[in-house]
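**Student:** Handing you a structure now.
The values are calculated or read from the model by the stated rules, or taken from the named source; none is laboratory data. Note that this is a predicted model, so its numbers are computed, not measured. Cβ coordinates were reconstructed from backbone atoms using ideal geometry, including for glycine residues, and neighbour counts include every protein chain displayed.
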């Protein structure tokens, strides 16, 4: 068995905490967007009878699903946060520091990308509504 220096193990612990906290904060923001932001926009779209683009209707469908299953999702997301910490910590303990950094960044980009698509879909539909009302 190869001895791993204490500095590497300490670095792995810190990265696991910071990476998991980053993922949890980004995931919580995405979850809040699907539970509060999208349903509020849906209400506005429904009031004006706006025909939505495919991306926006899919985002609203996903938001409805998240709202309907939010209690289960809180438990699942909690399990994912624990698993995320364990994955980052375990990979980092092996002395492969670049691999857990790659994991942290790739998961963060996935969450941010999903949030960007969600925001784009809703805001483009809102822009379409504003243009229709301005006429």
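**Student:** Return yes or no: is residue 59 touching a residue at least 12 places away in the same chain (Cβ under 8 Å), surrounded by 12 or more Cβ atoms within 10 Å (Cβ to Cβ) and under 14 Å from the mean Cα position of the chain (by Cα)?
**Tutor:** So residue 59 fits the description; yes.
**Student:** So residue 68 passes all but one of these: (1) more than 15 Å from the chain's Cα centre (by Cα); (2) surrounded by 17 or more Cβ atoms within 10 Å (Cβ to Cβ); (3) farther than 26 Å from residue 133 by Cβ. Which condition number does it fail?
**Tutor:** (2)
**Student:** Another one. If the requirement is being touching a residue at least 12 places away in the same chain (Cβ under 8 Å) and in a helix (DSSP H, G or I), which of these qualifies: 125, 116?
**Tutor:** 125
The rows are residues; the columns are (1) part of a helix (DSSP H, G or I); (2) touching a helix residue (DSSP H, G or I) at 6+ places or on another chain (Cβ under 9 Å); (3) at pLDDT 95 or above.
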{"residue": "60", "(1), (2), (3)": "yes, yes, yes"}
{"residue": "65", "(1), (2), (3)": "yes, yes, yes"}
{"residue": "74", "(1), (2), (3)": "yes, yes, no"}
{"residue": "78", "(1), (2), (3)": "yes, no, no"}
{"residue": "88", "(1), (2), (3)": "yes, yes, no"}
{"residue": "92", "(1), (2), (3)": "yes, yes, no"}
{"residue": "109", "(1), (2), (3)": "yes, no, yes"}
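**Student:** Applying the selection to the stretch 35-56, what residues are without any contact (Cβ under 8 Å) to a residue 40 or more places away in the chain and farther than 19 Å from residue 117 by Cα?
**Tutor:** Within the stretch 35-56, 43, 46, 47, 49 meet the criteria.
**Student:** Going by the conditions given, is residue 82 in a helix (DSSP H, G or I) and touching a residue at least 12 places away in the same chain (Cβ under 8 Å)? Spell out how you get there, then give the answer.
**Tutor:** On the way: in a helix (DSSP H, G or I): yes; touching a residue at least 12 places away in the same chain (Cβ under 8 Å): no.
When the stated conditions are applied, residue 82 does not pass them.
**Student:** Is there a residue being part of a helix (DSSP H, G or I) and either in contact with a strand residue (DSSP E or B) (Cβ under 7 Å, 6 or more places away or on another chain) or surrounded by fewer than 12 Cβ atoms within 10 Å (Cβ to Cβ) (or both) anywhere in the stretch 95-103?
**Tutor:** Looking for residues that are part of a helix (DSSP H, G or I) and either in contact with a strand residue (DSSP E or B) (Cβ under 7 Å, 6 or more places away or on another chain) or surrounded by fewer than 12 Cβ atoms within 10 Å (Cβ to Cβ) (or both), one finds at least one in the stretch 95-103, hence yes.
**Student:** Still on this structure: Taking the stretch 1-43 as the region of interest, how many residues are over 22 Å from the mean Cα position of the chain (by Cα) and at pLDDT 95 or above?
**Tutor:** So the answer is 1.
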